[in-house]
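Trainee: If you scroll down you'll find the structure; I have some questions about it.
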Amino acid sequence: MRHHTTVGESEDNASSGGVLLRNPRSQKEGTLTKAENRVEKLLALLLVQQMKDAPQRDKSVQLSAAGLTNMEIAELLQTTAAVVSQQLYEARRKPAKKPKRPKTPR
């Protein structure tokens, strides 16, 4: 879901249907980039689906670790980028609480 432009590209050349292409020199390369973006989005959706019972904070952390931006995470989790930003901030400040193990008698 990363959008890059190459050195020397103008904004007009870089945009195509709302999607920035990594290398718009040929139509084939532009199509490949769109396919890559689609695969990235599908993988992110699979990650969210596998974590369906996890708290939203944990999903945000995992998606961020996978390289998604706060805006992309917010879109996937149907929330705002501000909420995602706060969740990531809190996760960095204080990691999720681990359940306490009962003490075993000695």
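The values are calculated or read from the model by the stated rules, or taken from the named source; none is laboratory data. Everything quoted here is computed from the prediction, not taken from an experiment. Because the Cβ atoms are built from the backbone with ideal geometry, glycine has one as well, and the counts that use them run over all protein chains shown.
Trainee: So which pairs qualify, if the first residue must be in region 59-76 and in contact (Cβ under 8 Å) with a residue 40 or more places away in the chain, the second must be assigned to a helix (DSSP H, G or I), the Cβ gap must be under 7 Å, and the two must be at least 6 apart or on different chains?
Mentor: If the second residue must be assigned to a helix (DSSP H, G or I), the pairs left are Leu68/Ala44.
Trainee: Among helices (runs of 4 or more DSSP H) lying entirely in the chain, which contain 1 or more residues that are at pLDDT 75 or above and surrounded by fewer than 11 Cβ atoms within 10 Å (Cβ to Cβ)? Even if it seems obvious, please write down each step before you answer.
Mentor: Values: elements: 11-14, 27-50, 56-65, 70-77, 81-93.
Correct list: 27-50, 56-65, 81-93.
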